[in-house]
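Peer 1: Quick one: the structure is below, questions incoming.
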Amino acid sequence: MKFTVFGYWGAYPEKESATSCYVLETEEKNVVIDLGSGALSRLFRHYELEDLDAVVLSHFHHDHIADLGSLQYALLVQQHLNDSKTKIPIYAAKDNKKDFERLTHNGTIGKAYQEGRELHIGEVMFSFLRTKHPKPCYAMRMTDGERTIVYTADTSYFSGLVDFARDADLLVAETSFYQGMDGKQAGHLTSEEVGKLASKANVGELWLTHLPHFGDHQDLVKEAQAQYNGNIQLASEGLSFGKVE
């Protein structure tokens, strides 16, 4: 399986970029992980609408779902143009009934996932962990039996993340704040905490994502490196891990 970054900013996108969005690609499926502001146009640089098989959402903050309405209306238009009735499943937790109900539209259908239960999409198994964030949010662990990728989504630090990310080949961790800052109230991680998480969980590689709009991002890398000896990369559009075999 192959994991690729399409959006990596927190809160709002900078020019010519997007907030949280990733694609998990296998021989069978192209699964979009979160669909933040500006993400759909970035996806369309590489995929046709009909290439997208499913969407999995971590939570319902706008920087993770802002382009969902655009996707739904794109599917609606294509249904009329091509006389198609195809619907894309959108997976999310059902903590908030109103948020979840909006997932079902002419071109999409909402499907619930649950913490503690496995979700299979094609050959990939997903598992979920509720994080520490103001709005209910879920980290994701994805494996095809050969490689494992963990995406923290939005969260402050807590010990359960270590076990959830244990021995993953890749950890994609939100890094909203710099060392010495306090992200707990906002429900976000610092660079130092991300480095500690990667080290304690013994992950193979670390990506820093959900990046802040201030400071020097290279400082995030340096601060995480003080805690973790493995390979660290700043998320950027097109950054990818693994391959489709």
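The values are calculated or read from the model by the stated rules, or taken from the named source; none is laboratory data. This is a predicted model, so every value here is computed, not measured. No Cβ is skipped: glycine too gets one built from the backbone with ideal geometry, and neighbour counts run over all protein chains shown. Each accessible area value is taken on the protein alone, full model and side chains, heavy atoms only, with ligands, DNA and RNA left out. Shrake-Rupley method; radii C 1.70, N 1.55, O 1.52, S 1.80 Å.
Peer 1: Filter K132/K196; K2/K184; K111/K135; K87/K243; K132/K243 down to the pairs with a C-alpha to C-alpha distance above 25 Å, please.
Peer 2: Pairs exceeding 25 Å: K2/K184; K87/K243; K132/K243.
Peer 1: Using Cα pairs closer than 8 Å and at least 6 residues apart in sequence, work out the relative contact order for the range 96-236, in percent.
Peer 2: This gives 16 percent for the range 96-236.
Peer 1: Another one. Taking the Cα centre of the range 180-245 as the origin, how large is its charge dipole in debye, to the nearest 20, when only Lys and Arg (+1) and Asp and Glu (-1) carry charge on their Cβ atoms?
Peer 2: Dipole of the range 180-245, to the nearest 20 debye: 180 debye.
Peer 1: Obtain the nm distance between the two label points defined at D169 and F44 by a simple spin-label model: each point lies 7 Å from its Cα along the Cα-to-C-beta direction.
Peer 2: 3.2 nm
Peer 1: Using protein chains only and a probe of 1.4 angstrom, how many square angstrom of S17 are accessible, to the nearest 10?
Peer 2: Estimated to the nearest 10 Å², S17 gives 10 Å².
Peer 1: Ok, one more. Please report, to two decimal places, log10 I(q)/I(0) for the range 1-116 at q = 0.13, 0.15, 0.19, 0.21 Å⁻¹ as given by the Debye formula with identical point scatterers on the Cα atoms and no solvent.
Peer 2: Listed by q, the Debye log ratios stand at -0.46, -0.62, -1.01, -1.22.
Peer 1: What 222 nm value per residue comes from the helices of the chain, counting each DSSP H run with n ≥ 4 as -39,500 (n - 2.57) and dividing by all residues, nearest 500 deg cm²/dmol?
Peer 2: -6000 deg cm²/dmol
Peer 1: For the chain, count the residues as N, evaluate 2.2 N^0.38 Å, and divide the Cα radius of gyration by that value, please.
Peer 2: In units of the 2.2 N^0.38 Å rule of thumb, it is 0.96.
Peer 1: Can you list residues from other chains, or at least 5 along the same chain, whose modelled amide H is less than 5 Å from the amide H of T148?
Peer 2: D169, L170
Peer 1: Apply 1/(1 + (r/R0)^6) to the Cβ-Cβ distance of Q78 and Q218, taking R0 = 51 Å, and write down the FRET efficiency to the nearest 0.05.
Peer 2: Plugging the Cβ-Cβ distance into 1/(1 + (r/R0)^6) gives 0.75.
Peer 1: When the chain is modelled as a GNM with alpha-carbon springs shorter than 10 Å, which of F44, F128, F164 fluctuates the most?
Peer 2: Fluctuation is largest for F44.
Peer 1: Please give the solvent-accessible surface of M125 in Å², to the nearest 10, using a probe radius of 1.4 Å with every protein chain present.
Peer 2: Looks like 50 Å² after rounding.
Peer 1: Could you size up the charge dipole of the range 44-199 around its Cα centre, putting +1 on the beta carbon of Lys and Arg and -1 on that of Asp and Glu, and report it in debye to the nearest 20?
Peer 2: 580 debye
Peer 1: Just need the relative contact order of the chain here, percent rounded to a whole number, with Cα pairs under 8 Å and 6+ apart.
Peer 2: Dividing the mean separation by the residue count of the chain yields 18 percent.
Peer 1: Can you pull out the trypsin sites (Lys or Arg not before Pro) in the range 185-245 whose DSSP state is coil and whose Cβ has at most 10 other Cβ atoms within 10 Å?
Peer 2: Passing sites in the range 185-245 are K243.
Peer 1: To continue, here is another question. Which value in nm describes the separation of the simple spin-label points at K98 and E115, placed 7 Å from the Cα toward the beta carbon?
Peer 2: Each label point is offset 7 Å from its Cα along the Cβ direction, giving 2.3 nm.
Peer 1: Quick one: length gained pulling D53 to S240 fully straight, 0.36 nm per residue minus the C-alpha distance?
Peer 2: Length gained, D53 through S240: 65.4 nm.
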